[in-house]
Structures are given as structure tokens and as C-alpha cells.
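First the structure, in the form of C-alpha cells, and then the observations on it.
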Amino acid sequence: MTHQKVIVVDFGGQYSQLIVRRVRELGVYSEMIPWTGARGALCEHKPDAVILSGGPKSVLEPGAPSLDLSLLEGVPTLGICYGLQLLAAGLGGKVERADQREYGFRVLSPVEGTLVAGLKSGQVWMSHGDQVIAAPPGFIVSASTDSCPVAAFENPAKGIFGVQFHPEVSHTVGGKEVLRRFLFDVAKLRGDWTRESFISDELESIRAVVGPEGKVLCAVSGGVDSAVMAALLIKAIGERAVCVFVDHGLLRKNEAAEVEETFRGHFHANLKVFREHERFFSALRGLTDPEVKRKAVGENFVRVFEDHAAELQGCDYLAQGTLYPDVIESGSPTAAKIKTHHNVGGLPAWMRMKLIEPLRWLFKDEVREVGRALGVPEYIVSREPFPGPGLAVRVLGEVTPERVRSVQDADWIFREELRKEGLNQGIWQSYAAILDVRSVGVMGDERTYEQPIVLRAVESEDAMTARAVALPFEALERIAARIVNEVSGVNRVFYDLTSKPPATIELE
Ligand code: XMP
């Protein structure tokens, strides 16, 4: 990519990703590098500015995370929390264990200096045990709090700045202004990284990589990431983006048709649909263990690709909808690992295609923005996360076409009602599942002995933790009545109140 770039060196801080996000919000491209890989990244990429993150360790401990500060010469640098302490310790200042850990909001009194002068004195978020008690020679102390004598320091001539508080945390008063001043007043960056510039850069780079003849296999699942990835590829190389959609019969009601319609009708894509309901249902017959079911779905994805090898043979590249959090998690920004659960459930080993991951620099909401800019319809862009094995993990026990149909119908009613009443706002995921037990009921004077549907709606930030949504009782009652009346094989409805942890979002 050709944009200006800010590297955030991560020392294990809780808010490191947030720093990256804030910088991007200000229109400057930013990437996070673990401190252990900082030397290579700084030498190779020559960033336009560097931010050193916070971290849980003490610079006073032997073996604490460190950085060769000579690598930063000539590069505008901002140290935050641990980053500030590292700069202080490395440049001749003094760091000490504080009498008490400072945690929470403190009132900052800015005194002077480029980053903080003129800011209203206000609350800033602090979270540290050590503190700087003397700035390095040549630095000015630009702010303090009651309990922290050096809450900010700077040496503008050297382009080095530090703050003890966390400007990236949204509740820090003036935090964004501190970052803005660093990026634009100090580092003189342009702030021209927008979704449009991202798209045009990616289009250019895809065309350069693939060449004038190359073909790219884009496996689409109906989810946001693969849809946006495919839209980008189609725009870049048209028909040479070979979109493949495996309809395993385990999608939500109407979703397979929507995917087809979107890609054929809307994007005029070169789309191959492999309709494989039979294959997946027969592979799942008799299986009840969740992990065994997951494995069966994954393996059969591979078989589908194997069986259609002749049609796909001309593809030299495979495009994947990997996102930046996956890249960060895998520990290395250059690692190109195909996650078995990702979109396509794994691909056969003989498919030695080179990988293209055009979204690997983006966070989920940025992907949604790019999708909107590319004209991906809103019902796909705002789609909730959906597990790769599909409804196989929402049909507890054996997966049969009838039980899948019950879940699809109940799920449709549930989400339609939520949508109609505007109750879907702020929900991370909402779905229906069917349990593997039966209970007695009475319907039109007849005894019934059928299965229950479980409804689940959760709020979450990142799927790591989640909480049940407090839906109005009347709405739940109405939805339950509709489901029992309209969905065959179902005579009871439960609402799952459990949070994650201890439960998970999916039932299997
Ligand atoms: P859990 O159930 O672990 O789910 O709380 C967390 C998030 O991951 C999704 N999920 C999956 N996604 N393959 C996937 O691609 C899977 O096997 C899978 N299992 C769970 C789930 O929908 C939620 O968003």
C-alpha cells in the first residue's frame, strides 16, 4: 500500500488495537506490530510515525519488553503509558514504582507543549503502577496530575512525545485531540486514508498481483466478509473472479437464494453454485456429537471442491475474507494461514493456490463501510455473524432436513418480528435452535409430543463475551405463539438467558 503509515508497537497493552482504530478514524492508515517484531517492521516499512503502546509489565523488571530506541531516530514517536516509561528509561529520565497504582480517571493539568497545551484540564484515563518522576534531559514536562508528576513530556526538536494517560480511550477528555495533534501538527501527516482510497489501492494491487490473465477463486458463504471480498475482486478483475457458493442446505431460510440473486443479479458475477444438500444431509445422518458434526461439514466442503476440480482448475489464486483481528491473533502480520473454519471450511491440499486477502488490513466495521461503498446490499453488509457449519450446530442432536426446516421457519419468524418492531437494533446475534428432547403439549384438543425451539438473542462487542438481550416479554410471548402455531414439529419455545461465559453464543 502506498499510504502514509503509523506503526503501533504493541507491548501487550489492553488498548493497543484501540490506538490503531483511533488513528485510522483520523484518516491515517495504521498497523499494529508486536514489540518482538518491531525491529524488522521499523527497518523494512519505514513508518511515517510510531506509537508505543501501553503494557502490563514494568520497565524496571529485568527482561521487560523493550525496543532499540535508535530505530526511532528521525521518526515522530508518541509513547503511551508503558511506551512513555520506556522512552523515559531509555533516554536518561527516571522511572519509579509508584506508592500506589493509579487506576481510573484523574484530572490532567496541561502546562505547556505541542500535544497538550490549551487543552481544557479534564479527566484522563490512567492505568499504571510505575511512573516517570524525571523527564529525560532536553525534555519538557507538559502535564501532570495530583498523583503523577510527569503525565506528559516532549522533546519537539527530536520529535519524541509521551503521555502517561490513555488518549485512545473514548472517555479521556481531549484524547482524540492529543492524537490529532501528534499525527497532523507533529508528524505532518495528510489524513487521506479513506475507504475510497483503500478501495482504489486494493483494486490496483489485486490487478498487479493477478496479472492480465490470472483467475481467482472466491469462495462466498453469504457472510459479510466473503461478500465484500468477492465484490472487490469482481470490481478488480470482472469474470476472472470465479465466485463459488456451496449451498449445503444448512443456511437460514432464503439465504441461499439471496446470495445467488446478489451475485448474479446485482454484481453480474461469474458465479458457480454447487447445490449439495443431499451430500451434507447424508454425511450428517446419525451424527449427534457437535464436534463430529462440525468435522463432517468441514470435510464435505473439501469433497465438494474436489469433485468440481475440473471446473476450478484454471484458478491460480484463492481469495479469502480474512480480517485484521485474525491477522493480529495469528501473531504475525505476514502469516497467511487458512483457518479451517473460515468461510469455506477448509480446502483440499492439492489446491495449491496462492492466497489473496484483500481485507486483511480492516476491522469488521471498516469492512462493512467498504462493502457499502462497493454497493453490497445492506441486508448482506449488516448481516449477523453466522457459524461456518451453519444450522448443523443449531439443530441439536441429529441433523435431518425436517429439523433444519423447523429451525429455518422459527428463525425466520423470530427475526422478522424483531425487525418489524425495531427490536433488532444493537443485537449482535439472534437465532432459533431446536433441542433434542420432546415434551407434551395440547393443540386443538389433541395431545402433542414434539420438540422445543430455543430462541437466543445476545449483545456483544466481539463474541468473546455476550449477554442475553432483555427483549420485552410481550414480544417474546407473541413470537412463541407464532412459532408454535406456524412451525411443524414444535410445541414449546424457550428463551435462553445465559451469558457467555459460562455459556457460549451457539448451543453446540
Ligand atoms: P461461541 O458459540 O463460541 O461463538 O460463543 C462465538 C462466535 O463464533 C461463531 N461460531 C462459529 N463460526 N465456525 C464459524 O465460522 C464455527 O464453527 C463457529 N462456532 C461458533 C458464533 O456464531 C459466534 O459469532
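The values are calculated or read from the model by the stated rules, or taken from the named source; none is laboratory data. Predicted model, so just to flag it, every value in this text is computed and none were measured. A quick note on method: Cβ atoms are made from the backbone with ideal geometry, for glycine too, and the neighbour counts reach across all protein chains shown. Please note that ligands, DNA and RNA were not included when accessible areas were found on the heavy atoms of the full protein model with its side chains. Shrake-Rupley method; radii C 1.70, N 1.55, O 1.52, S 1.80 Å.
Laid out as a table, the results:
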read-out	value
Share antiparallel - DSSP beta bridges, region 26-164, percent rounded to 5	75
Bridge type composition, the chain - antiparallel percent by DSSP, nearest 5	45
Stokes-Einstein diffusion coefficient of region 205-279, Kirkwood radius over Cα pairs, 4 °C, 1.567 mPa s, in µm²/s	102
Residue (of 356, 390, 259) at the positive-pole extreme of the chain, dipole from beta-carbon charges	356
Region 5-186, accessible surface, carbon-and-sulfur percent (1.4 angstrom probe)	50
Lysines whose Cα lies under 17 Å from that of residue 272, excluding same-chain neighbours fewer than 8 positions away	215
Accessible area of region 195-381 belonging to carbon and sulfur atoms, whole % at 1.4 Å probe	50
Percent accessible area from carbon and sulfur atoms, region 394-495, protein chains only, probe 1.4 Å	49
Using a Förster distance of 25 Å, the FRET efficiency for residue 442-residue 473 (Cβ separation, nearest 0.05)	0.65
Accessible surface, 1.4 Å probe, highest first, among residues 145, 465	465, 145
Burial order of peptide ranges 483-494, 74-85, 3-14, 268-279 (average beta-carbon count within 10 Å, highest first)	74-85, 3-14, 483-494, 268-279
Ratio Rg/Rh, restricted to region 394-495 and using Cα atoms, in which Rh is the Kirkwood radius	0.98
Protection proxy ranking, peptides 55-68, 246-259, average beta carbon neighbours within 10 Å, highest first	246-259, 55-68
Shape of the chain, Cα gyration tensor, a/c cut at 1.5	prolate
Accessible area per residue in Å² at 1.4 Å probe, computed on the chain	44
Three-way shape call for region 67-196 based on the alpha-carbon gyration tensor, with the a/c threshold at 1.5	oblate
Region 367-441: translational diffusion in µm²/s, Stokes-Einstein, Kirkwood Rh over Cα pairs, 25 °C, 0.890 mPa s	171
Whole-number D in µm² s⁻¹ for region 195-381, Kirkwood Cα-pair radius fed into Stokes-Einstein, 25 °C, 0.890 mPa s	145
Region 1-160, Rg to Rh (Cα coordinates; Rh as Kirkwood inverse mean 1/r)	0.94
Sorted peptide list for 370-381, 213-224, criterion being average Cβ within 10 angstrom, highest first	213-224, 370-381
23 Å Cα-Cα threshold exceeded, pairs from 295/364; 176/364; 57/120	295/364; 57/120
For region 1-93: rounded, prolate or oblate by the Cα gyration tensor [a/c cutoff 1.5]	prolate
